[in-house]
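Participant: The structure that follows is given in the form of structure tokens.
The values are calculated or read from the model by the stated rules, or taken from the named source; none is laboratory data. All of these numbers come straight from a predicted model, not from anything done at the bench. Using ideal geometry, Cβ is built from the backbone for each residue, glycine included, and neighbour counts are taken over all protein chains shown.
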Amino acid sequence: MSATQTKSTVDDTEIAKFEAMAAEWWDPTGKFKPLHLMNPVRLGYIVDQINTEFNRDATSLRPFEGLRILDIGCGGGLLSEPMARLGAAVVGADAAERNIPVAQIHAEQSGLEIDYRHTTAEALAEAGEQFDVILNMEVVEHVADPLAYLTACQQLLKPGGLMVMSTINRNPKSYIMAIFGAEVVMRWLPRGTHEWDKFITPDELFALIEQAGLKPVDRKGFVFNPVKWSWSISDRDLSVNYVTASVKP
Amino acid sequence: MDNPAIAAIIASMKPDSDVLIAGGGLNGPALALALASGGIRATIIDPTPKPTRKAADFDGRAYALSLTSVNMLKALGVWATVADHAQPILDIVVSDGKAGEGASPLHLHFDHREIEEGPMGHMVEDRYLRRALLNAVDHPLITQLEDSVTAQRIIPGGIEVTLGGGKTLTARLLVGCDGRQSGVAKRAGINRMAKDYGQTALVCAVEHEKPHNGTAHQFFMPPGPLAILPLPGNRSSIVWTETHARAAAIQALSDTEYLEELRPRFGDFLGKIKLAGKRFTYPLGLIIADDFATDRVALAGDAAHGIHPLAGQGLNLGLRDVASLAETLIGAARIGEDIGNPIVLSRYAQWRRTDTATLVGATDTINRVFSNDNPLLRLGRDLSLAAINAIPAARRKLIREAAGLTGDLPRLLQGRQI
């Protein structure tokens with residue numbers, strides 16, 4: 001693996017936490033069950049945004065033919081694989097080295113070709129890589145310098161390109177739901193997965209996106225319903241998990 | 001990739017088909033067509049040669065297709081060839097009867113003019129429906145194999161099925177549309193709860209002197225219900241329920257003696273009657289699978305649930321499975337999900353569970369209350385039938401239920417494309 005981490009903003013202790021979980025990625029009933037549960041809602045939003053932005057046929061099973069997509073923080077490939085299945089040329093990047101072989105093995109089992117790399121957004125930007133779409137899901141709350149990171153993302157996008165970014169809001173409710181609820185009570189995630197003070201509010205995130213030179217175009221909430229035990233998308237409730245779409249002018 | 005060992009160990013998975021469907025009766029072809037409408041490739045596997053399945057003469061079997069099932073056949077493009085042979089059900093009359101006495105004067109009457117959607121359903125003979133579906137599956141996205149499934153096993157990223165000839169096929173998902181004896185369910189280790197009602201349905205078709213005017217009759221008799229369902233022309237399909245022993249004795253009678261048994265139950269409102277087609281018996285039981293789906297396997301139709309044919313809901317329920325499953329799978333494929341993933345399949349199972357439980361429970365209860373000759377219970381149900389009849393809102397609700405218009409309707413059942 002030849003990762004050229006020239007000026008990484010990724011926090012080393014954060015990487016170590018995810019490495020410990022890498023092997024569990026693809027077990028829908030295992031440690032990553034909450035992510036598997038949330039995945040259809042995330043995918044629904046991502047696919048909808050890309051189809052709209054690039055004028056693709058939503059009833060097609062391969063609407064992303066001709067698009068180059070970067071999945072940052074690809075983990076085991078939970079988002080990279082659907083993107084490749086829909087016809088995109090996908091680069092999956094992860095700063096945790098152990099995720100790469102896990103994702104590669106699974107992509108081959110699924111009969112998909114995906115370019116997984118142990119690298120960072122900053123390194124890719126420095127190498128001059130260009131993408132139509134960047135998926136930036138549940139990453140920004142783990143980086144040391146969000147503005148530097150988003151600036152690298154901006155450089156990676158072609159003009160007219162789209163970035164979809166999700167993260168967790170910062171308020172008492174998000175503390176209870178994401179840290180006390182998910183990590184302590186439900187034990188969905190290992191303790192210490194999240195640091196609450198790194199969470200970003202939607203307004204702060206929009207400001208950062210604009211500072212990085214992108215134009216925010218949409219924001220929605222992902223809401224967990226503990227009675228139905230499922231996730232849904234919300235126009236109004238961005239109080240815990242939320243997602244944004246931005247374009248490069 | 002800098003670890004060549006990984007590539008060597010893992011054989012890449014390129015499946016032969018997206019979905020394998022075991023069973024080429026009615027639900028299997030309907031599912032293949034529904035999936036093809038969304039661009040998903042399916043392979044139908046059935047050991048019975050297709051010409052045999054297709055060329056069946058009228059054998060007395062017919063289905064009461066609900067309004068929503070008809071919507072679905074329209075959306076799939078097969079209704080046009082069935083419509084000419086379909087009899088709209090314009091009225092349903094439900095009454096409490098006693099053999100030899102005809103219907104109780106207190107009864108329940110459903111008129112399709114009370115709901116805006118039109119006829120509550122259509123009666124269609126098995127042969128026309130089967131032929132229309134089997135013709136339609138000659139489709140570029142559908143493969144048809146004359147073979148049987150003898151084994152199935154989960155492999156990385158999919159499922160592998162072994163055919164009778166020893167050949168193996170791979171796919172993302174295997175769907176069991178293989179009926180009450182479902183081998184797919186058995187091999188997947190899905191337990192199915194079975195319950196014997198102690199009753200057998202006698203099924204036949206009759207020709208009668210007077211027109212039926214599109215009216216379906218359901219008489220609740222102490223041994224079990226008797227349904228008279230209108231077919232095109234002066235013909236009706238009869239489903240008649242007796243205890244196992246009585247049914248066996250009646251089935252053994254000559255046609256003339258059989259008609260003599262039927263006539264007093266039937267009454268004389270349709271004039272003289274004679275048999276048209278073969279006589280069948282079906283032992284009645286309730287079968288319901290603990291799970292409608294597991295890893296890489298889903299069940300639909302009788303493989304998932306066999307219910308009492310009381311309200312003619314068996315096929316309607318099967319088509320509802322098919323519509324929900326196709327919508328779930330196409331929806332998943334459109335957002336790039338692996339369609340055989342247990343998370344995708346659990347969405348289908350969850351969607352169907354409530355609906356099936358409601359209908360199975362209702363059918364079971366109705367049958368138990370009405371298959372009883374206790375005079376008090378009889379008076380009670382006569383009064384309640386009359387009471388429901390007197391309240392238009394309650395009646396409309398039951399009409400909509402019979403037409404299949406209640407519940408969380410899949411798009412195909414609304415007559416819309418997925």
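Here's the yes/no breakdown for (1) at pLDDT 85 or above; (2) at negative phi; (3) surrounded by 16 or more Cβ atoms within 10 Å (Cβ to Cβ):
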position	(1), (2), (3)
B:Gly176	yes, yes, yes
B:Gly189	yes, no, no
B:Lys195	no, yes, no
B:Pro211	yes, yes, no
B:Pro223	no, yes, yes
B:Asn234	yes, yes, yes
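Participant: Further, regarding this structure: Residues in segment B:79-93 that are polar (S, T, N, Q) and under 14 Å from B:Pro230 (Cα atoms): how many?
Facilitator: 1
Participant: Which condition breaks for B:Gly271 when tested against (1) outside any loop (DSSP other than H, G, I, E, B); (2) at positive phi?
Facilitator: Condition not satisfied by B:Gly271: (1).
Participant: Also, quick follow-up: Only residues that are among the polar types (S, T, N, Q), touching a Ser or Thr at 6+ places or on another chain (Cβ under 8 Å) and in a strand (DSSP E or B): list them for segment A:230-247, please.
Facilitator: Scanning segment A:230-247 gives A:Asn241, A:Thr244.
Participant: Could you give every pair whose Cβ atoms fall below 6 Å, whose first residue belongs to segment B:323-346 and is under 18 Å from A:Ser230 (Cβ atoms) and at pLDDT 95 or above, and whose second residue is surrounded by 23 or more Cβ atoms within 10 Å (Cβ to Cβ) and of a type in the set (S, T, N, Q), counting only separations of at least 6 or pairs across chains?
Facilitator: Filtered contacts from segment B:323-346: no entries.
Participant: Turning to a different aspect of this structure: Do any strands (runs of 3 or more DSSP E) lying entirely in segment B:21-94 carry at least 1 residues that are more than 30 Å from B:His217 (Cα to Cα), and which ones are they?
Facilitator: Output list reads B:42-45.
Residue by residue, here is whether (1) without any contact (Cβ under 8 Å) to a residue 12 or more places away in the chain; (2) over 30 Å from B:Asp255 (Cα atoms) holds:
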| residue | (1), (2) |
| --- | --- |
| B:Val19 | no, yes |
| B:Gly39 | no, yes |
| B:Thr52 | yes, no |
| B:His85 | no, no |
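Participant: While we're looking at this one, here's another question. Among the residues of segment A:22-41 satisfying the criterion of being more than 9 Å from every other protein chain (Cβ to nearest Cβ) and at pLDDT 85 or above, which is nearest to A:Gly73 (Cα to Cα)?
Facilitator: A:Met38
Participant: I'd like to know if segment A:131-153 contains one or more residues that are modelled with pLDDT of 95 or more, within 14 Å of chain B (Cβ to nearest Cβ), surrounded by fewer than 23 Cβ atoms within 10 Å (Cβ to Cβ) and within 21 Å of A:Leu35 (Cβ to Cβ).
Facilitator: No, segment A:131-153 contains no residue that is modelled with pLDDT of 95 or more, within 14 Å of chain B (Cβ to nearest Cβ), surrounded by fewer than 23 Cβ atoms within 10 Å (Cβ to Cβ) and within 21 Å of A:Leu35 (Cβ to Cβ).
Participant: Against the definition (more than 14 Å from chain B (Cβ to nearest Cβ) and within 23 Å of A:Gly221 (Cβ to Cβ)), how does A:Glu122 come out, yes or no?
Facilitator: Here the answer is no, as A:Glu122 does not meet what is asked.
Participant: While we're looking at this one, here's another question. Mind checking whether some residue in segment A:198-216 is farther than 25 Å from A:Lys158 by Cα, surrounded by fewer than 18 Cβ atoms within 10 Å (Cβ to Cβ), free of Cβ contacts under 8 Å to residues at least 60 places away in the same chain and within 17 Å of the chain's Cα centre (by Cα)?
Facilitator: yes
Participant: Separate question: Return only the number of the condition from (1) at pLDDT below 95; (2) under 19 Å from the mean Cα position of the chain (by Cα) that B:Pro47 does not satisfy.
Facilitator: Of the numbered conditions (1) at pLDDT below 95; (2) under 19 Å from the mean Cα position of the chain (by Cα), the odd one out for B:Pro47 is (2).
Participant: Given (1) in contact with a helix residue (DSSP H, G or I) (Cβ under 7 Å, 6 or more places away or on another chain); (2) outside any strand (DSSP E or B), identify the lone condition not met by B:Val239.
Facilitator: In the conditions (1) in contact with a helix residue (DSSP H, G or I) (Cβ under 7 Å, 6 or more places away or on another chain); (2) outside any strand (DSSP E or B), B:Val239 misses (2) alone.
Participant: To continue, here is another question. When A:Ala89 is evaluated against the numbered criteria (1) in contact with a Lys or Arg (Cβ under 7 Å, 6 or more places away or on another chain); (2) over 26 Å from B:Arg172 (Cα atoms), which criterion, by number, is the only one it fails?
Facilitator: (2)
Participant: A further question on this structure: When the residues of segment A:79-101 are filtered to those that are within 10 Å of chain B (Cβ to nearest Cβ) and at pLDDT below 95, which remaining residue is surrounded by the fewest Cβ atoms within 10 Å (Cβ to Cβ)?
Facilitator: A:Pro101
Participant: For segment A:94-182, give me every one of the helices (runs of 4 or more DSSP H) that falls completely inside it and has 2 or more residues that are of a type in the set (S, T, N, Q).
Facilitator: A:99-109, A:146-156
For (1) over 22 Å from A:Val102 (Cα atoms); (2) touching a residue at least 40 places away in the same chain (Cβ under 8 Å); (3) basic (Lys, Arg), each residue gets a yes or a no:
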{"position": "A:Pro28", "(1), (2), (3)": "no, no, no"}
{"position": "A:Tyr45", "(1), (2), (3)": "yes, yes, no"}
{"position": "A:Asn55", "(1), (2), (3)": "yes, no, no"}
{"position": "A:Ala58", "(1), (2), (3)": "yes, no, no"}
{"position": "A:Arg62", "(1), (2), (3)": "yes, no, yes"}
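Participant: Surrounded by 17 or more Cβ atoms within 10 Å (Cβ to Cβ) and either under 16 Å from the mean Cα position of the chain (by Cα) or more than 30 Å from B:Ala42 (Cα to Cα) (or both): which single residue out of B:Thr328, B:Thr241, B:Thr294, B:Thr256 fits that description?
Facilitator: Answer to the check: B:Thr241.
Participant: Kindly provide the set of residues from segment B:134-192 that are of a type in the set (Ser, Thr, Tyr) and either free of Cβ contacts under 8 Å to residues at least 60 places away in the same chain or in contact with a helix residue (DSSP H, G or I) (Cβ under 6 Å, 6 or more places away or on another chain) (or both), ordered by number.
Facilitator: Listed by number, the residues that qualify are B:Thr150, B:Thr162, B:Thr168, B:Ser182.
Participant: Would you check which residues across segment A:42-71 are of a type in the set (Ser, Thr, Tyr) and either away from every other protein chain (no Cβ under 11 Å) or out of contact with any helix residue (DSSP H, G or I) (no Cβ under 9 Å at 6 or more places or on another chain) (or both) and list them?
Facilitator: Residues satisfying the conditions are A:Tyr45, A:Thr52.
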